[in-house]
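Working notes, structure below.
The values are calculated or read from the model by the stated rules, or taken from the named source; none is laboratory data. Just so you know, these numbers come straight off a predicted model, no measurement behind them. Here the Cβ positions follow ideal geometry from the backbone for every residue, glycine too, while neighbour counts run over all protein chains shown. The protein model used for the area step is the full one, side chains on, heavy atoms only, and it has no ligands, DNA or RNA in it. Shrake-Rupley method; radii C 1.70, N 1.55, O 1.52, S 1.80 Å.
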Amino acid sequence: MVVGLSGGVDSSTAAYLLKQEGYEVVGIFLHLWKGNNPRSCCSLEAVEFARQTAEFLNIPFYVVNSEERFKEKVVNFFVRGYERGSTPNACVECNREIKFEWLFQQAKAVGAEGVATGHYARILQNHTTKEYELHKGVDVQKDQAYFLYTLKSEWLPKIYFPLGNRTKEEVREIARQAGLSNAARRESQDLCFLNGKGEKFFPVREGEIVDEEGRVLGHHRGVPFYAVGQRKGLGIPTSEPLFVKEKRAELNQVVVARREKLWGNRIRVERVRFLTPAPATSFTCLVKHRAGAEEVPAEVSYDERMNTALLTLKQPVWAPAPGQSAVFYDGSRVLGGGVIHSVLS
């Protein structure tokens, strides 16, 4: 079994549990970016913790370099999206283009039967259809199935998520009792390539902050430095809180509005992918419009030819943002999803 070791407690515990179950485990560290931000997944510290885990578990360990493909498929995509005024989700794109493709390549190279990661999600086999399905993890606070809707359906029978039925607290306790060196290590939070310094990719280009009527309220330092729903850091002296509603990259403007103006219930998505055979052109499901949001019932109208969908939500959601993913659910099961293109009035 090939396990993606990131140096964190989750992937290390996943490898430990698989070995306890009798699997022959091979640890793979995907090196995606140069730099040494200690809070990122590609730091020297992360590599060392991954290596220590492999030595502790007495398993083979390899570092695989994917910097060029990561730059091409994730970083450049991320930068272009922000320059156009959207807010791409780098983790979704990395899972789509990099992580699992490389892990399966390594599994094939070493003759492994499958791949495993420390994601909080579950792969379950439907007793009636015999199909393998992606489901949310049991830990509501840590569930990561949202980021995995781009997996290929043919991969599901060969993917293992050992932590899917456990909570984060249980995982840390397992790691502590096992004696893993990273049992108490804090989680990586920063994007490995951004390192908290957007100026590396986005030059400061000042422009206007305007209201919905186009009245100038202040000035910004560059459209890519702002996100839909943002309140802090606007520097606008107003009598009521204002939030970023829209980013007009072509005009170099950031549009702000009162909180109630950021609710929406009609969303168009593109780059749709299903983990199941594409359903009918119209179907109902639950939709999550960003990580951490609650799912809401929706009617989905799917255009297979254009690979787009119109989501009509039964109740409005706050601050849907172009570039983020809207993921479709049937209960805990992930059906698929797409990238938000626009919010319709």
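One table, with the values for the structure above:
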| read-out | value |
| --- | --- |
| Elements of type strands (runs of 3 or more DSSP E) in the stretch 178-290, at least 3 residues being under 22 Å from Gly81 (Cβ atoms) | 207-210, 243-248, 253-257, 263-274 |
| Some residue of the stretch 335-343 being out of contact with any Lys or Arg (no Cβ under 7 Å at 6 or more places or on another chain), over 29 Å from Gly137 (Cβ atoms) and either touching a residue at least 24 places away in the same chain (Cβ under 8 Å) or of a type outside the set (Asp, Glu) (or both) | no |
| Selection count, the stretch 125-176, where residues are of a type outside the set (Val, Ile, Thr) and under 19 Å from Gly8 (Cβ atoms) | 24 |
| Flag if Val228 is farther than 17 Å from Gly264 by Cβ, in contact (Cβ under 8 Å) with a residue 12 or more places away in the chain, among the aliphatic types (A, V, I, L, M) and buried (at least 17 other Cβ atoms within 10 Å of the Cβ) | no |
| Residues within the stretch 119-153 that are aromatic (Phe, Trp, Tyr) and exposed (fewer than 14 other Cβ atoms within 10 Å of the Cβ), tallied | 0 |
| Flag if Ala116 is surrounded by 19 or more Cβ atoms within 10 Å (Cβ to Cβ) and more than 18 Å from the chain's Cα centre (by Cα) | no |
| Yes/no for Gln253 being surrounded by 21 or more Cβ atoms within 10 Å (Cβ to Cβ) and under 30 Å from Arg221 (Cβ atoms) | no |
| Matching residues, the stretch 278-302, being of a type in the set (Val, Ile, Thr), farther than 16 Å from Phe147 by Cα and in contact (Cβ under 8 Å) with a residue 24 or more places away in the chain | Val300 |
| Boolean, Pro297 is at pLDDT 95 or above, loosely packed, with under 15 Cβ neighbours inside 10 Å and touching a strand residue (DSSP E or B) at 6+ places or on another chain (Cβ under 9 Å) | yes |
| Selected residue [in contact (Cβ under 8 Å) with a residue 24 or more places away in the chain, open to solvent by 60 Å² or more (accessible area, probe 1.4 Å) and among the charged types (D, E, K, R)] from Arg305, Arg258, Arg266 | Arg266 |
| Pair list, Cβ under 9 Å, 6 or more apart: the stretch 232-243 residue over 13 Å from Leu217 (Cα atoms), other residue open to solvent by less than 70 Å² (accessible area, probe 1.4 Å) and part of a loop (DSSP other than H, G, I, E, B) | Gly233/Tyr226 |
| Which listed residue is open to solvent by less than 50 Å² (accessible area, probe 1.4 Å), in contact with a helix residue (DSSP H, G or I) (Cβ under 9 Å, 6 or more places away or on another chain) and under 21 Å from Ala293 (Cβ atoms), from Val79, Val92, Val75 | Val92 |
